[in-house]
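Right, one structure below, let's go through it.
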Amino acid sequence: MIRAMTVLLFWLGSCCLAHADPQSDPDRGHKLSLFFDTSTDILSLSHGHAIPLAVFPDRIPTLDGLPIDTMLALTSILRNSEGIPVGVASELEEFPKAVPENTPMTWDTSWTLMLKGRGSLYLYQQEIMILDDVKIFSGAIASGQTWEGDITHPTTYGPLPGRYGLIKGGTGEFEGASGRFQEIVTLQKFTPEGFLHAQVELRLELVEKQ
């Protein structure tokens, strides 16, 4: 249970968090922001039960008992800043099995974003545990009481300076894309049963093609 709780908190610091900036333009020049709500937009979420987080839908196959049980797969609807669905996304994560003492845990996350009529983007980042989140989630599970609030922070740790992830490329309109991005999360609710309510923003800064 301790290991499961630890991995959950690391994952929560990563994927299912973010806050949509209400003033953000979804596509202003070389900037592009895309959003999803974990309570309404997730199409599927599966893992190996190394984390006490509810899978979705209920009967989805899981990675439980497999050599890849420390991995996670999520798919979701993507929306623009006006809340209009504009595409779909997949997020794939791999958590380390062990972390050296007094060393922050980081893990690899890959995103694939496909925007209707425009093309696709491939993103890579390292994510890190947010200590404030540890207190929130461990408290909810230990007490059996649902946590509610409104806390926003980026969860991206690298690999680029300034804690940015890397835009690795794309197709269609985004052919040859490069640049950096951050995953930004707004936590709103977490239940002892592992249901997470949060908003996630993927805030991209695309380098103009030469």
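Values quoted throughout were computed directly from the atomic coordinates according to the rules given, and no laboratory measurement underlies them. In this text the structure is predicted, and so the values were computed from the model without any measurement. When we count neighbours, we look across all protein chains shown, and the Cβ atoms used for this are built from the backbone with ideal geometry, even at glycine.
Here are some notes:
- Per residue, the chain reaches -3500 deg cm²/dmol at 222 nm when only DSSP H runs of four or more residues are counted, each adding -39500 (n - 2.57).
- Lysine pair count for the chain [Cα-Cα under 23 Å; pairs on different chains or 8 or more apart]: 8
- Here is the tail figure for region 49-96: Cα pairs spaced more than 12 Å apart come to 70 percent of all pairs.
- Length added when fully stretched, Leu66-Asp132, from 0.36 nm per residue minus Cα-Cα: 20.6 nm
- Computed log₁₀ I(q)/I(0) - Debye formula, equal Cα scatterers, no solvent, the chain, q 0.09, 0.11, 0.13 Å⁻¹: -0.33, -0.49, -0.69
- Of the trypsin sites (Lys or Arg not before Pro) in region 140-210, those whose Cβ has at most 14 other Cβ within 10 Å and which sit in DSSP loop: Lys209
- Degrees, to the nearest 10: 2-12 long Cα axis against longest axis of the chain: 20
- One Cα centroid belongs to region 170-210, the other to region 87-113; the line between them spans 14 Å.
- Beyond 21 Å, the tail of the calculated P(r) for region 138-210 holds 46 percent of the Cα pairs.
- Label point at Phe56 placed 7 Å out along Cα→Cβ; residues across region 188-210 whose backbone nitrogen lies under 13 Å: 188-191, 194-200
- Distant-in-sequence amide H partners of His49 (H built 1.01 Å from N, under 5 Å): Leu63
- Prolate/oblate/rounded label for region 58-122 (Cα gyration tensor, a/c 1.5): prolate
- Folded to 0 to 90 degrees: helix 131-143 orientation relative to the chain principal axis, Cα: 40
- Calculated FRET efficiency, His49 to Glu148, Cβ-Cβ distance, R0 = 30 Å: about 0.75 to the nearest 0.05.
- At most 11 other Cβ within 10 Å, DSSP loop - GluC sites (Glu not before Pro), region 149-207: Glu175
- Region 2-206, relative contact order in percent, only Cα pairs under 8 angstrom and at least six apart counted: 26
- Fluctuation leader among Ile136, Ile128, Ile68 - the chain, Gaussian network, Cα springs under 10 angstrom: Ile68
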